[in-house]
1. I need the full set of residues from the stretch 126-147 which are polar (S, T, N, Q) and more than 13 Å from residue 69 (Cβ to Cβ), in order please.
2. I'm checking my understanding of the structure. Among residues of the stretch 135-152 that are part of a helix (DSSP H, G or I) and of a type in the set (A, V, I, L, M), which one is farthest from the chain's Cα centre (by Cα)?
3. With 25, 85 as the choices, which residue is modelled with pLDDT of 95 or more and either over 19 Å from residue 136 (Cα atoms) or of a type in the set (Gly, Ala, Ser) (or both)?
4. As an exercise: evaluate residue 56 against (1) in a helix (DSSP H, G or I); (2) within 17 Å of residue 138 (Cα to Cα) and give the number of the one condition it does not meet.
5. Mind listing just one residue for me: the one in the stretch 110-124 that is not hydrophobic (A, V, I, L, M, F, W, C) and not in a strand (DSSP E or B) and, of those, surrounded by the fewest Cβ atoms within 10 Å (Cβ to Cβ)?
6. Tell me, which residue of the stretch 101-122 that is without any contact (Cβ under 8 Å) to a residue 40 or more places away in the chain and on the phi < 0 side of the Ramachandran plot is farthest from the chain's Cα centre (by Cα)?
7. Tell me which residues, restricted to the stretch 37-73, are among the aromatic types (Phe, Trp, Tyr) and modelled with pLDDT of 95 or more.
8. Find the residue count for the stretch 64-109, including only residues that are assigned to a strand (DSSP E or B) and either touching a Pro at 6+ places or on another chain (Cβ under 9 Å) or closer than 14 Å to residue 34 by Cβ (or both).
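The values are calculated or read from the model by the stated rules, or taken from the named source; none is laboratory data. A quick note: this is a predicted structure, and the numbers were derived from the prediction, not measured. As a convention, Cβ positions derive from the backbone with ideal geometry for all residues, glycine included, and neighbour counts pool all protein chains shown.
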Amino acid sequence: MVKKRNVRRLALVLVVLVMTTALGSATAAAAELSDYLWDRRPLLVFAPTDRDPRVGETLSRIEATRCDFVGRDMVLGLVVTEGNSTLDGQGISADESRRLRNQYAIGETAFGVLLIGKDGGEKLRVNEVPDLQAIYAVIDGMPMRSREMSTNPSRC
């Protein structure tokens, strides 16, 4: 009887350890916007759900201009109220999603697209499916991008 109780306690301790480790790893791997400061230009897409048709259209446009998108050191952030939010393919916690919505004053049911510069500042905001050529033109007009183009010409 004592042996069974000890085995159960050990099993419970192991389960708690595994769960704690798994949760800690997920938290450590979660992306944050500050991770991209001075390195990338996040394009944040805010939507009520990841199934919103405007999200699908935005993703299609990005895929159609993938070389231009990547060539400008851009990463995609999808911030949704319902569904999975991501930044550069990594999960964003629900707390981080709420923080971003609050920081940029985007309502839970609103659709919006924001271009964030490498300096962390908001460079462009639209409330519809974005015209990526217009976004690329904004980026190409930035002094930092001018320096990048002089040292690394586009391969597209």
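1. 127, 146 - these are the residues of the stretch 126-147 that are polar (S, T, N, Q) and more than 13 Å from residue 69 (Cβ to Cβ).
2. Across the stretch 135-152, the extreme among qualifying residues is 149.
3. Being modelled with pLDDT of 95 or more and either over 19 Å from residue 136 (Cα atoms) or of a type in the set (Gly, Ala, Ser) (or both) holds for just one of 25, 85, which is 85.
4. Just one mismatch for residue 56, condition (2).
5. Only one residue fits best here, namely 121.
6. 107
7. Correct list: 46, 69.
8. Residues flagged as assigned to a strand (DSSP E or B) and either touching a Pro at 6+ places or on another chain (Cβ under 9 Å) or closer than 14 Å to residue 34 by Cβ (or both) within the stretch 64-109 amount to 9.
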